[in-house]
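Below: the structure, in structure tokens.
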Amino acid sequence: MTKCEVVIVGAGPAGIACGYVLAEAGVDVIILERGQYPGAKNMFGGIFFADQMNKLIPEFYTEAPVERFVAKKHYALLINDSEVSLNIDSEEHKKPPYNHSYIVRRSVFDKWFAEKAKAQGATIICGTAVTDFVWRDRRIIGVTADTADDDDNVLLADVVVCAEGANSMLSEKAGLRNRLSMRARCISVKEVIELGKDVIDERFGLTAREGAAYEYFADATPGMLGDGFIYTNMETLSVGVGVVISELYGRRNPPSPNQLLDRFKNHPCIRPLVKGGKTLEYSAHMIPMDGFRNLPRFYTDGLMLVGDAAGFVNNSICHEGVNMAMASGIMAAETILANRQERRYDARALRQYEHRLKNSFVLQNMKNSRDFIDILRTHKELLNNYPHLVQDVITSYFKVSDVPKSTVKRDISRMLRSRVSVVKAARTVMALMRGGI
Amino acid sequence: MNIIVCVKQVPDILEVSVDKETNTLIREGVDSVINPFDLYAVEEGLRLKEQYGGQVYVLSMGPPQAIATLRQGLSLGAERGILLSDIGFAGADTLATSYTLAKAVKKIGHFDLVICGRQAVDGDTAHVGPSLAEKLGVPHVSCVIKIHEVTEEYMIAERITEDAKEKVKLSLPGLITVCKGINEPRFPSLKWKINAARTRVEVWSAHDIGADESKIGLKGSPTRVVKMTTPQHHRAGQMLEGPVGEQVADLVSKLRERQVL
Ligand SMILES: Cc1cc2nc3c(=O)[nH]c(=O)nc-3n(C[C@H](O)[C@H](O)[C@H](O)COP(=O)(O)OP(=O)(O)OC[C@H]3O[C@@H](n4cnc5c(N)ncnc54)[C@H](O)[C@@H]3O)c2cc1C
């Protein structure tokens, strides 16, 4: 049986970051990845929030395959056939390090990052799916790959780091999380649409390597807890929608995620942005929505969970995933390094990992937005009524007519009074401030 | 048993198409794979090793990216991978290739058996195996479909010809080329994948193997491609009509006419 010091399952941002730090310190580390290459199976929106990356590999963006940096952000409420939006266009974000926000394609980016870890001395084995853990005396001592019945497919290690992402099959097997609830996962579908750089620059008002991130709420996924997005790659757009899986059930004729995407693409405010493009890729992926209160246990004897496997995604307005994935991977590595001399990786020794998480933005941000999803779930008006109301208020106010503005204002306040309870709205806002955003 | 398996990286024939103007293969954007026959050669080498002990080396001549093919050999269970790569090797025909491989085998030194795939699917000549045996001064058996017996001195191999199977006694050291059907190639195991990732493929130049420059690459290749044509497939289809009985009778008489039956 083959043996090494640390086995990492999964070569996404969490696993690679962990492997990078360990290899840099001279640890004998092997990363196992089921895709044919790192990134082959990975997709996200996406903005690579990269302040962790910039710490690990300073000015990584000068050599990494980055499509564009995020120069413009656009937050929009989609309502029926219109949108109300907020644009953020800041000169500050157009200068290095670009607010640590880079649009990347994971299929090439993860590959690049993996090469960097290899250069540090990490071994990365692709085309290998880990199927289970190897246990001895209720302690994890390794993993089995592909077929378990043969010693040649067993890899033993002092400690295992599980960076398997949102599927969580292994974390369940380790007994660290319960069976996935459909409330705790969002399903996202995305198309990569080719338009060419010139068309994209013109439609989104960009030049050179400037990019735009458009986030859509409310009727992006009508009546459902979800959102839509458009991100500009260099020559293509990433266009997608995500919806909490449980929202699709318990309905008569639930729409399929791709129907939702089609509807989104055909919204009158979206269509002009994507029209004439050729769809090159179609993909789907899950996003953890465990939320702070339902996070799994992060470690057990011989094992730590990092990244999406541990549920570290900030589900509030800025859905930060990769940054937390990398940070948790790095903290797991640091925990291993701190215990390396004694070679003790039992649960007591690994408790240090949780301390590190608690003292970092990872768990603090998770805690900060602990109620976000619940608030949306229990205050459906946030996604349904309020956006429509905002829309009605704004369109009435700006309507050009001979009705005096004083009358318009009176009508608006009547409309507001009839459609919202001020007390309730205030409570919702308070709740959001406290534990939502 | 020390076994050297010769492997070649070829364009994935499932993806290749022919340029209608120049009649050459369009290789751009086509993935490279291990020559399918060589996969059987590697597998047979591994099985012999597992049964009789020893080591398996994989050997290839090709551009630097052919390292991937040798890695594949390592991930299946070979101990050592050697790539012969040198600008001077470019443009080699089968004569220059077998000369080059022979020089490398001699550098490796001791071996009991060399195994090649029957032929490479991008050239289909089936020259290199037998020619290599000649250059090494060892006997060979081509198109082997089964190995019956192996001793220190000889092996009994079954080869397949167009209309027969032959059992041949081959004294060792020797060389065989293998056909599809000799075995079912395995999938790489985790242990060997790790080994492959951690084993450096050795790269040898013309100088390293002490090759005579006039015998390698284009210079050492008397073969000249005079013309290339793409085979045209003429299908003279004919539909038979009428009741089934008549159709069958008709078909039989047509087949007799053409002396198929
Ligand atoms: C549509 C969408 C949009 C998103 N947008 C953003 C965004 O804009 N910004 C942001 O920061 N985050 C975003 N995220 C979240 C972000 O993608 C994740 O948080 C991040 O990728 C988590 O990294 P990870 O390394 O933990 O997991 P992953 O990136 O999922 O990597 C897990 C790896 O493990 C491998 N693996 C899984 N199981 C096994 C196994 N059994 N054996 C071997 N290998 C295995 C997988 O193939 C994969 O390579 C988005 C996610 C989605 C789906």
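The values are calculated or read from the model by the stated rules, or taken from the named source; none is laboratory data. Because the structure is a prediction, the values reported are computed rather than measured. Positions of Cβ are generated from backbone atoms using ideal geometry, with glycine treated the same way; all protein chains shown enter the neighbour counts.
Can we say A:Asn258 is in the same structural domain as A:Lys41 (by TED's automatic domain parsing) and of a type in the set (S, T, N, Q)?
So A:Asn258 does not fit the description; no.
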Open item on the list: Taking the criterion of being near the ligand (Cβ under 10 Å from one of its atoms), at pLDDT 95 or above and out of contact with any Ser or Thr (no Cβ under 7 Å at 6 or more places or on another chain), would at least one residue in region A:132-154 satisfy it?
Closed with: yes
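Table: residues versus (1) among the acidic types (Asp, Glu); (2) surrounded by fewer than 24 Cβ atoms within 10 Å (Cβ to Cβ); (3) within 14 Å of another protein chain (Cβ to nearest Cβ); (4) in contact (Cβ under 8 Å) with a residue 12 or more places away in the chain.
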site	(1), (2), (3), (4)
A:Glu5	yes, yes, yes, yes
A:Ala50	no, no, no, yes
A:Asn54	no, yes, no, yes
A:Thr62	no, yes, no, no
A:Leu86	no, yes, no, yes
A:Asp89	yes, yes, no, yes
A:Val108	no, yes, no, yes
Task: Residues (touching a residue at least 12 places away in the same chain (Cβ under 8 Å), aliphatic (A, V, I, L, M) and part of a helix (DSSP H, G or I)) located in region A:426-437 - done: A:Ala431, A:Leu432
TODO: Might you check whether a residue that is assigned to a loop (DSSP other than H, G, I, E, B), in contact with a Cys (Cβ under 9 Å, 6 or more places away or on another chain) and not assigned by TED's automatic domain parsing to the domain that holds A:Gly35 occurs anywhere in region A:74-84?
DONE: yes
Task: Hits in region A:38-66 (condition: within 14 Å of the ligand (Cβ to nearest atom) and among the acidic types (Asp, Glu)) - done: A:Asp51
Open item on the list: Looking at region B:175-207 only, could you name the residues that are more than 13 Å from chain A (Cβ to nearest Cβ) and of a type in the set (S, T, N, Q)?
Closed with: B:Thr177, B:Asn183, B:Ser205
Open item on the list: Being touching a Lys or Arg at 6+ places or on another chain (Cβ under 7 Å), under 21 Å from A:Met286 (Cα atoms) and not assigned by TED's automatic domain parsing to the domain that holds A:Phe44 is the requirement here; does A:Ala184 meet it?
Closed with: no
- [ ] Give A:Gly39, A:Gly19, A:Gly46, A:Gly12 a once-over and let me know the one that is within 14 Å of chain B (Cβ to nearest Cβ) and either of a type outside the set (Asp, Glu) or within 30 Å of A:Asn339 (Cβ to Cβ) (or both).
- [x] A:Gly19
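Kindly provide the set of residues from region A:143-175 that are among the acidic types (Asp, Glu) and within 14 Å of chain B (Cβ to nearest Cβ), ordered by number.
Once the filter is applied, which keeps residues that are among the acidic types (Asp, Glu) and within 14 Å of chain B (Cβ to nearest Cβ), region A:143-175 yields A:Asp146, A:Asp149, A:Asp150, A:Asp151, A:Asp152.
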TODO: Write out, first by first residue and then by second, each pair whose Cβ atoms fall under 7 Å of each other, whose residues are 6+ apart or on separate chains, and whose first residue, in region B:111-131, is touching a residue at least 12 places away in the same chain (Cβ under 8 Å) while the second is among the aromatic types (Phe, Trp, Tyr).
DONE: B:Gly117/B:Phe37; B:Gly117/B:Tyr40; B:Arg118/B:Phe37; B:Gln119/B:Phe37
- [ ] Looking at (1) within 16 Å of the ligand (Cβ to nearest atom); (2) buried (at least 22 other Cβ atoms within 10 Å of the Cβ), find the lone condition where A:Leu78 falls short.
- [x] (1)
Open item on the list: So, B:Val225, is that one away from chain A (no Cβ under 14 Å) and closer than 30 Å to A:Cys4 by Cα or not?
Closed with: no
Task: Residue tally, condition closer than 16 Å to B:Leu113 by Cα and touching a Gly at 6+ places or on another chain (Cβ under 9 Å), over region B:158-178 - done: 4
Open item on the list: I'm trying to understand the selection: among the residues of region A:15-37, which are touching a helix residue (DSSP H, G or I) at 6+ places or on another chain (Cβ under 8 Å) and near the ligand (Cβ under 6 Å from one of its atoms)?
Closed with: A:Gly15, A:Leu32, A:Glu33
Open item on the list: Just to confirm my filter: which strands (runs of 3 or more DSSP E) fall fully inside region B:150-217 and include at least 1 residues that are without any contact (Cβ under 8 Å) to a residue 60 or more places away in the chain and touching a Ser or Thr at 6+ places or on another chain (Cβ under 6 Å)?
Closed with: B:154-160
Task: Number of the condition not met by A:Pro255 [criteria: (1) modelled with pLDDT of 95 or more; (2) more than 28 Å from A:Arg370 (Cα to Cα)] - done: (1)
Task: Matching entry among B:Ile13, B:Ile3, B:Ile82, B:Ile67 (being of a type outside the set (Ser, Thr, Tyr) and either within 14 Å of the chain's Cα centre (by Cα) or in a loop (DSSP other than H, G, I, E, B) (or both)) - done: B:Ile13
Open item on the list: Out of the helices (runs of 4 or more DSSP H) lying entirely within region A:319-423, which hold 3 or more residues that are exposed (fewer than 14 other Cβ atoms within 10 Å of the Cβ)?
Closed with: A:347-358, A:385-398, A:405-419
Task: Residues that are part of a loop (DSSP other than H, G, I, E, B) and surrounded by fewer than 20 Cβ atoms within 10 Å (Cβ to Cβ), drawn from region A:64-73 - done: A:Ala64, A:Pro65
